[in-house]
1. Out of curiosity, is Ala90 touching a residue at least 12 places away in the same chain (Cβ under 8 Å) and farther than 30 Å from Gly60 by Cβ?
2. Among the residues of region 86-96, is there at least one that is more than 15 Å from the chain's Cα centre (by Cα) and surrounded by 13 or more Cβ atoms within 10 Å (Cβ to Cβ)?
3. Where the second residue is at pLDDT below 90 and the first is of a type in the set (Gly, Ala, Ser) and lies in region 1-30, which pairs have Cβ atoms under 9 Å and are six or more apart or on separate chains?
4. Please state which one of Asp111, Asp104 is exposed (fewer than 15 other Cβ atoms within 10 Å of the Cβ), of a type outside the set (A, V, I, L, M, F, W, C) and not in a helix (DSSP H, G or I).
5. Kindly provide the set of residues from region 66-87 that are without any contact (Cβ under 8 Å) to a residue 24 or more places away in the chain and either polar (S, T, N, Q) or assigned to a strand (DSSP E or B) (or both), ordered by number.
6. Of the residues Leu56, Leu97, Leu37, which single one is in a helix (DSSP H, G or I) and at pLDDT 95 or above?
7. Is one or more of the residues making up region 60-83 among the aliphatic types (A, V, I, L, M), surrounded by 13 or more Cβ atoms within 10 Å (Cβ to Cβ) and within 23 Å of the chain's Cα centre (by Cα)?
8. Would you be able to say whether some residue in region 7-30 is modelled with pLDDT under 95 and exposed (fewer than 10 other Cβ atoms within 10 Å of the Cβ)?
Amino acid sequence: MTVDPVSRHFFPGFIRLRVLYHAAKEAIYGAEIAEELTRHGYRLSQGTLYPTLHFLEELGYLKSRVEYVLGRRRRYYRATASGRKVLVEARQKLVELVAEVLDDQDAAFQDMRRKRSGKGARR
């Protein structure tokens, strides 16, 4: 099966951002975040999700704890102070990205291009 470029190159960052967002709000566990990601159209296996959670934990953005629920072991993940800080920074970049890509607000880039091409600034 061929994976499209958007899924392969862009979705992993979206997934990490969604995980971090939910973990900043409250403690989450793998099965429920997988369900939430599926609700948003992401299809990922446990072989992708759990390494993502572990990676975010290794970076210091998440911390985990184990609880037993109905006799079953469940690992909960919660955003750390560093994770919440990264989330704030990511939100700022996301706002800029949405404005540029969806609202076509790239005047600063176009001005820079005009200046470099010798056509002068925008009027």
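1. Taking the combined requirement at face value, the residue does not satisfy it.
2. no
3. Ser7/Tyr42; Ser7/Arg43; Gly30/Gln46
4. Just one listed residue meets the conditions, Asp104.
5. Val66, Glu67, Tyr68, Val69, Arg72, Arg73, Thr80, Ser82
6. Exactly one of Leu56, Leu97, Leu37 is in a helix (DSSP H, G or I) and at pLDDT 95 or above, namely Leu56.
7. In the first step, residues of region 60-83 are kept if they are among the aliphatic types (A, V, I, L, M); the result is 62, 66, 69-70, 79, 81.
Right, trim to surrounded by 13 or more Cβ atoms within 10 Å (Cβ to Cβ) and you get 62, 79.
Adding the requirement that they be within 23 Å of the chain's Cα centre (by Cα) leaves 62, 79.
The answer is yes; a qualifying residue exists.
8. no
The values are calculated or read from the model by the stated rules, or taken from the named source; none is laboratory data. Owing to the predicted nature of the structure, the values given are computational and were not obtained by experimental measurement. For neighbour counting, all protein chains shown are included, and Cβ atoms are generated from backbone atoms with ideal geometry for every residue, glycine included.
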